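*Asks:* Sharing a structure below in structure tokens format, with a few things to ask.
Here, each number is a calculation from the coordinates, and none is a lab measurement. Just so we're clear, the structure is a prediction, and the values are computed from it rather than from any experiment. Every residue, glycine as well, gets a Cβ built from its backbone with ideal geometry; the counts of neighbours run over all protein chains shown.
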Amino acid sequence: MELKWALLLLGLFLQSSESRQCGVGFKIKNKICVDEDECSTSNQCGDHAQCVNTPGSYYCTCNEGFRSATANFTAENGQCEDINECVEKTRECTGDMVCVNTIGSYKCICRKGYRPSRTDSGCDDINECSDPDFCGTNANCFNHPGGYSCKCKQGYSNYGNNQSKCIEMSCDHFELESGTEDTPLKNLLRLLTSSCESLLDPNGGRQTGEQLLENVFTFSDELLSDGNIADGKMLSQFLDAVENSMRLIGPQLREPVTRMETHNTFAEVAVTRNQTPPSGCVTLSTDSALFNTSWETVVGDSYPGFAFAALVSYKGLNSSSDLLQKMRNEKSDDKERNITYQLNSEVVTAVVSNTETKQLSEPVKLVFRHVEERAESEGVAYSCVYWNETEGAWSEEGCVRAESNSTHTVCSCSHLSSFAVLMALYPVQDSFDLVLITRVGLALSLVCLFISILTFKFCRSIQGTRTSIHLHLSICLFIADLVFLCGISSTHNEVACAIVAGLLHFFFLSAFCWMLLEGVQLYRMVVLVFHTTLKHLHMYLVGYGVPLAIVIISAIAFPKGYGTKRHCWLSLDRYFIWSFFAPVCIIVVLNSFVFIITVWKLAEKFSSLNPDLSKLRNIRGFTVTAVAQLCVLGGMWVLAASSSSGKELKSRCTSSPS
């Protein structure tokens, strides 16, 4: 076996040596050198080429209508490419025919509007007007060489598309009530009326679609910037005017897709013109929303030869609280639970050429970007709404929220109008455990305060300035806790709730003022070492007069600040809560200063009066005294006030638009 393989390899070697002796392109056959036919190998020259064998070699030549950029090319180093006879003018068509390039050749066809003549090689004009479907029944058809035009009858228009069918058109919906004063909205409608009438008059001059769109957005910016849209009626008129203007402008735009952005508006419009209805999907987008539907939905049941779809977003359009409140009033459950609403997206208007959009055959999809990035939670829920012009309010009818996250909401709607994303804010409910602990704690506090009042009032051995301060501090806290326990949740009656909030404001401020007097007395006793006492008149002016003055000024400045939707306390609107926080912060800072000095002086006294005490007993006595002073001077109230304000702020953030 090994000998057999050795002989085979030797034979191949000898044959190769003999081939090399014949030269490249030749091979030995019957012990003589003969030419090797390279063209016998398939696809030697590639597509659209012929292989030509030569002695010892070969070459490739392109078929007619093709050429190669390289000489003596092969399938590896080049291919034949088609010659565009129509561009290079190597072939010309006679008469009315035009040249159309094909692979490896060309052909002459008739131009659009012509057809091959039956008698010779020329072309005859097609009389499109012989087919009544070209212009329809609402227009007169006029044939001309290579084309035709449709002249609309009175009351009909094809929006300047002279080879499209005419549809009925009315300019009445652009008119305002007579006697209306000049406003940006009236000026906008006057412009639209003029443009509409020019379309009905074939001899009248008119603006281009792009110019008209720019003018409409100029008036819209003026309306949105000046805040002229104040009520539901004005909002309905504005949105209706924009929708009708897009129906007027869309078919007149020349480009397939037109985008225009101004200070307060952003629009994208897609337009198609063809004899056959378009198909497939159409997607429009602005800086804040995306609109997706099908051309079949855009066209509807009738196709006049053109179709458009438009998406307009309004950057400066914010629905007033009254309009959102109207929606809440329509839902009794939401009203009882104090649910509030706010728009969390820019308002957009979606318009298509199909006029029957109240009940679409397939829903359209709208994707909104949130103005405020907030994920759905126990206190936040999103819903898709549209502007109901009949009711003058936002409505969820016909719109379903498909999905939502912290940044975007996807809506599916079975009709077209002006849309937005509404954010429902649910008040955070206090848990049963928290309410129980609060009530039990307040009840125990009232008992202890009552005992303290009796002690400070009737125990003669401890009577003095500090005792009087403690007595009035306890009285203020007792009344404040009692009012808090009985009336903090009396939100069903606005007057009663305001009275409760005012009483709490006064007595809690009074308590802090008496704490300030306690700090002043401690400072006099420990630092100044004065044995004189504070006059009662001065203490009453500070303890009751200052809080009373703050409450009166606050009530005059913002009477609606007393009472919120959840609790009978101070409102966060217009920073009204600072009528309480500001005096409290000042008192806490002053008492903190007194606390530091008092502790420092007490530490010195401990070290001087008890030099032989152990270090542990010294630290223990100093710590107990410091903690007692901290409580008396209101230091522990900082935590309580912070916790209370934090809860109120959290409640406000989840239950109101602020």
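*Asks:* Using a basic spin-label model with each label point 7 Å from the Cα along Cα→Cβ, how many nm lie between THR102 and SER461?
*Replies:* 12.6 nm
*Asks:* Quickly rank 309-315, 132-138, 50-56, 339-345 as a protection proxy: mean count of other C-beta atoms within 10 Å, highest first. Could the numbers behind the result be given before it?
*Replies:* On the way: 309-315: 25.3, 132-138: 15.9, 50-56: 13.7, 339-345: 21.1.
My ranking of the peptides, most packed first, is 309-315, 339-345, 132-138, 50-56.
*Asks:* A further question follows. For labels at LYS151 and SER194 in the simple 7 Å Cα→Cβ model, what's the distance in nm?
*Replies:* 2.7 nm
*Asks:* Sum up the charges of everything whose Cβ sits under 9 Å from the Cβ of GLU346, counting Lys and Arg as +1 and Asp and Glu as -1, but leave GLU346 out.
*Replies:* On the way: positive: LYS315, ARG369; negative: ASP287.
So the environment of GLU346 carries a net charge of +1.
*Asks:* Turning to a different aspect of this structure: By how many nm would the segment from GLU494 to GLU376 lengthen if fully extended, with 0.36 nm per residue of separation less the alpha-carbon distance?
*Replies:* On the way: separation 118, 0.36 × 118 = 42.48 nm, distance 3.11 nm.
Taking GLU494 through GLU376 to full extension adds about 39.4 nm, to one decimal.
*Asks:* Would you tally the net charge around ASP47, using a Cβ to Cβ cut-off of less than 12 Å, leaving ASP47 out, and scoring K and R as +1, D and E as -1?
*Replies:* The answer is -2.
*Asks:* I'd like the distance separating the alpha-carbon centroids of segment 108-160 and segment 432-477, in whole Å.
*Replies:* 100 Å
*Asks:* Something else: For LEU446, LEU434, what's the fewest-to-most ordering of other Cβ within 10 Å of each Cβ? Don't skip to the end; give the middle numbers.
*Replies:* Details: LEU446 16, LEU434 11.
Lowest to highest Cβ neighbour count: LEU434, LEU446.
*Asks:* For the pair ASN187 and ARG439, what calculated FRET efficiency results from E = 1/(1 + (r/R0)^6), where r is the Cβ-Cβ distance and R0 = 60 Å, to the nearest 0.05? All intermediate terms of the calculation are to be shown ahead of the outcome.
*Replies:* Working: r = 62 Å, r/R0 = 1.04.
Rounded to the nearest 0.05, the efficiency is 0.45.
*Asks:* For the peptides 506-518, 477-489, what is the packing order when you average, over each peptide's residues, the other Cβ atoms within 10 Å and list the highest mean first? Let's see the in-between values first.
*Replies:* Details: 506-518: 24.0, 477-489: 18.2.
Output ranking for 506-518, 477-489: 506-518, 477-489.
*Asks:* Considering amide H positions built from the backbone, and no H for Pro or chain starts, which residues 5 or more places from ASP96, or on another chain, come under 5 Å of its amide H?
*Replies:* Here CYS123 satisfy the definition.
*Asks:* What is the Cα centroid distance between segment 337-367 and segment 215-275, reported in whole angstrom?
*Replies:* One Cα centre to the other: 16 Å.
*Asks:* Something else now. Full-extension gain between ASP124 and ARG273, please, as 0.36 nm times their residue separation minus the C-alpha to C-alpha distance. If you can, show how the numbers build up before the last one.
*Replies:* On the way: separation 149, 0.36 × 149 = 53.64 nm, distance 2.51 nm.
Length gained, ASP124 through ARG273: 51.1 nm.
*Asks:* Between LYS112 and GLU261, what is 0.36 nm times their sequence separation minus the Cα-Cα distance? Round to one decimal in nm.
*Replies:* Working: separation 149, 0.36 × 149 = 53.64 nm, distance 3.72 nm.
49.9 nm is the gain from fully extending LYS112 to GLU261.
*Asks:* If I take R0 = 51 Å and measure r between the Cβ atoms of ILE586 and SER225 in this structure, what FRET efficiency does the formula 1/(1 + (r/R0)^6) give, to the nearest 0.05? Intermediate values should be presented prior to the final figure.
*Replies:* Values: r = 42 Å, r/R0 = 0.82.
Here the calculated transfer efficiency is 0.75.
*Asks:* Placing unit charges on C-beta atoms (Lys and Arg positive, Asp and Glu negative, everything else neutral), compute the dipole magnitude of segment 172-425 about its Cα centre in debye, rounded to 20.
*Replies:* Numbers: 19 positive and 38 negative charges, 90 e Å.
Computed about the Cα centre, the dipole is about 440 debye.
*Asks:* In addition: Which peptide among 83-95, 534-546 comes first, and what is the full order, when sorted by highest mean count of other Cβ atoms within 10 Å?
*Replies:* On the way: 83-95: 13.5, 534-546: 15.2.
So the peptides 83-95, 534-546, ranked by packing, come out 534-546, 83-95.
*Asks:* Between GLN207 and THR94, what is the label-point separation in nm under the 7 Å Cα-to-beta-carbon projection?
*Replies:* A separation of 5.3 nm, rounded to one decimal place.
*Asks:* For LYS560, what is the net charge nearby, where nearby means another residue's Cβ is under 14 Å from its Cβ and Lys, Arg count +1, Asp, Glu -1? Before the final figure, lay out the partial values.
*Replies:* Working: positive: LYS565, ARG574; negative: GLU494, ASP573.
Within the 14 Å Cβ shell, the charges total 0.
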